[in-house]
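Right, one structure below, let's go through it.
The values are calculated or read from the model by the stated rules, or taken from the named source; none is laboratory data. Bear in mind that the values here come from a model prediction, so they are computed numbers and not experimental data. Here the Cβ positions follow ideal geometry from the backbone for every residue, glycine too, while neighbour counts run over all protein chains shown. Heads up: the accessible areas ignore ligands, DNA and RNA and are worked out on the full protein's heavy atoms, side chains in. Shrake-Rupley method; radii C 1.70, N 1.55, O 1.52, S 1.80 Å.
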Amino acid sequence: MKAIEITVPGGPEVLQVCEREQPQLKPGELLIKVGAAGVNRPDCLQRAGHYPVPAGASDLPGLEVAGTIVDGDLAGSPFYVGQRVCALVQGGGYAEFCAAPLANCLPVPKGLSDSEAACLPETFFTVWSNVFDRARLASGETLLVQGGTSGIGVTAIQLCRALGHRVFATAGSDVKVRACEALGAERGINYRSEDFGAVVKELTNGRGVDVILDMVAGSYVPREINCLADDGRLAIIALLGGSKAEVDVGQILRRRLTVTGSTLRPRSVAFKAAIAEQLYGRVWPLIESGLVKPTIFKTFALENASEAHRLMESSEHIGKLVLAVN
Ligand SMILES: NC(=O)c1ccc[n+]([C@@H]2O[C@H](COP(=O)([O-])OP(=O)(O)OC[C@H]3O[C@@H](n4cnc5c(N)ncnc54)[C@H](OP(=O)(O)O)[C@@H]3O)[C@@H](O)[C@H]2O)c1
């Protein structure tokens, strides 16, 4: 099969087309003829040599795919050969065929193309796991999303708005701020010209937000602690602004705050399967009704994966980048 491999750690140019054997299925896996693969920032980190591949995972990049089931032990499962599915995988998505744990596959929501469905797994699993499971966003609570136009951000804004929450989101330009608001954020905040903490305090009458989904960390952490409401929760999913911060731990203590974080990729198939079940029951109906939509910024041919990485690292995109495969 044709695939994209990381020849050596480095810039986008190290992504090269190659020929590989089709993946050998392990117990509990099915084989997908890939129609499209999503591109995510962690793929860029892996390409640059900053995100080690978990033991046993494919060395090929790509954490999410959509396509058609062509093989696998499907007895007793709800899946069948020929069915269109999307899947969260630990690697191997940038290829014509990809092995996926059956328990981490979901049917393609009705009405979606493979390209649209390939945009779903990585961001929806991550947002659900962090905002709802770890940070326990509850009915009537407010959310601040840092990086509102990232793949993660567009998912978090739409999903939490569709579930009835007030959502605020930061972004690095006025165009992006308006995009956040078009997606459902009550107020987009240009972090280059505005102080997100002050804006959030003003919008919540001085109370602060209940949950922050953060991909920046670094110097943002003390500012985030300042604009969390009492009992607020900060969920950190990336360190775009660095891993070191000086915080007033007294605030965490006095105001009963929670600071948490996680990475999805190394978690077990069973952990991800529990999220898949939640997504299927609670989120897939919102997608099928059109309330929540995949937000594709640009689609590239598989062969042009390096172009997709260049665009992602320019941060000019709003939403998801996709590779069209078969
Ligand atoms: N922990 C996990 O399990 C997990 C899973 C998936 C992804 N992630 C991480 O989540 C992040 C988003 O992933 P993605 O694939 O959605 O990436 P992406 O689309 O490339 O988004 C990255 C975004 O960060 C924004 N940004 C950079 N500096 C910022 C700042 N100081 N304040 C606010 N926003 C800032 C950029 O937009 P601006 O132009 O607005 O700056 C850009 O939209 C990545 O860092 C990725 O590694 C973590």
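Counting protein heavy atoms only, the stretch 233-326 has 54 percent of its accessible area on carbon and sulfur, 1.4 angstrom probe. Quick one: Kirkwood hydrodynamic radius for the chain, alpha-carbon pairs, angstrom, one decimal? Evaluated over the chain, this radius sits at 20.0 Å. About its Cα centre, the chain has a charge dipole of approximately 700 debye under the convention of +1 per Lys or Arg Cβ and -1 per Asp or Glu Cβ, with nothing else charged.
Rounded is the label for the stretch 124-261. Its Cα gyration tensor axes, ordered a ≥ b ≥ c, give a/c under 1.5. Computed from the Cβ-Cβ distance with R0 of 56 Å, the FRET efficiency linking VAL247 to LYS110 stands at 0.80. Using a probe radius of 1.4 angstrom, the carbon and sulfur fraction of the accessible surface of the stretch 1-57 is 55%.
If R0 equals 25 Å, the separation of the Cβ atoms of CYS18 and ARG310 corresponds to a calculated FRET efficiency of about 0.80.
The lysines whose alpha-carbon is closer than 22 Å to the alpha-carbon of LYS2, local same-chain residues fewer than 8 away aside, are LYS26, LYS33, LYS298. Highest mean packing comes first when the peptides 206-216, 279-289 are listed by Cβ atoms within 10 Å, giving 206-216, 279-289. For HIS317, the solvent-accessible surface with a 1.4 Å probe is about 10 Å², rounded to the nearest 10. A crude spin-label estimate for the pair ARG136 and PHE271, with each label 7 Å from Cα along the Cβ direction, gives 1.9 nm. Summed over the residues of the stretch 112-246 and divided among them, the accessible surface reaches 36 Å² per residue at a probe radius of 1.4 Å.
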